[in-house]
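So the structure is just underneath, and the comments pick up after that.
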Amino acid sequence: MFNFLTEDNSALLHEIAKKAEQENIGFIDVRTEEEYEAGHAKGAQNIPLHTLGDHHATRFEEFEEVYVICQSGGRSAQATLHLASQGVRAVNVPGGTHLWKSLGLPMA
C-alpha cells in the first residue's frame, strides 16, 4: 500500500475540504453506493465509477474545478482522466477517503 500521508498531501486535502464548500467547486466520490453510504467526505456527491459516462462530464463543466475521491486514489485517478478528456478541470484527491478520514476531515 502506498503511503500518501505527506506534508504536501495533508495540506492539499485540508485545502480541498475548504474549497469543497464553494459553489463553483464540484466534489464527487466514485466509490460504490455501499462504500459511499458507509461514510464519505462531507460534500461529496456519489457517482460510482462504472456510471460515470459522458453525460456526467457535461454537468460538471460549470465548475472551476471538480475534485474526485475514492477509497485510496485508484478509481478516482481513472475518473479524473475521463473527466479531463471531456474538458473538465478534474483533480484527483490523493490518498482518497482513507487519508481524508485519517486526517480528521469532515465526514458524512
*Using 0.36 nm per residue, how much length does the chain from ALA108 to LYS42 gain when fully extended, once their Cα-Cα distance is taken away?*
23.3 nm
*Please give the length that would be gained between LYS18 and HIS55 if that part of the chain were fully extended, namely 0.36 nm times their separation in residues minus their C-alpha to C-alpha distance (nm, one decimal).*
10.6 nm
_Rounding to the nearest 10 and keeping the result within 0 to 90°, find how far the Cα-based axis of helix 7-19 lies from the longest principal axis of the chain._
50
_What do you get for the angle between helix 74-85 and the principal long axis of the chain? Use alpha-carbon atoms, 0 to 90 degrees, nearest ten._
30
_Student exercise, the chain dipole from Lys, Arg, Asp, Glu Cβ charges, in Debye to nearest 20_ = 180
*So what's the net charge close to LEU105: Lys and Arg +1, Asp and Glu -1, counting the other residues with Cβ under 11 Å from its Cβ?*
+2
*Name the residue, out of ALA38, ALA17, ALA84, whose mean-square fluctuation peaks in a Gaussian network model built on the chain with Cα pairs under 10 Å.*
ALA38
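Throughout, read-outs are computed from the coordinates displayed, never taken from laboratory work. Given the structure is predicted, the values throughout are model-derived calculations rather than measurements. All Cβ positions, even for glycine, are placed from backbone atoms using ideal geometry, and neighbour counts span all protein chains on display.
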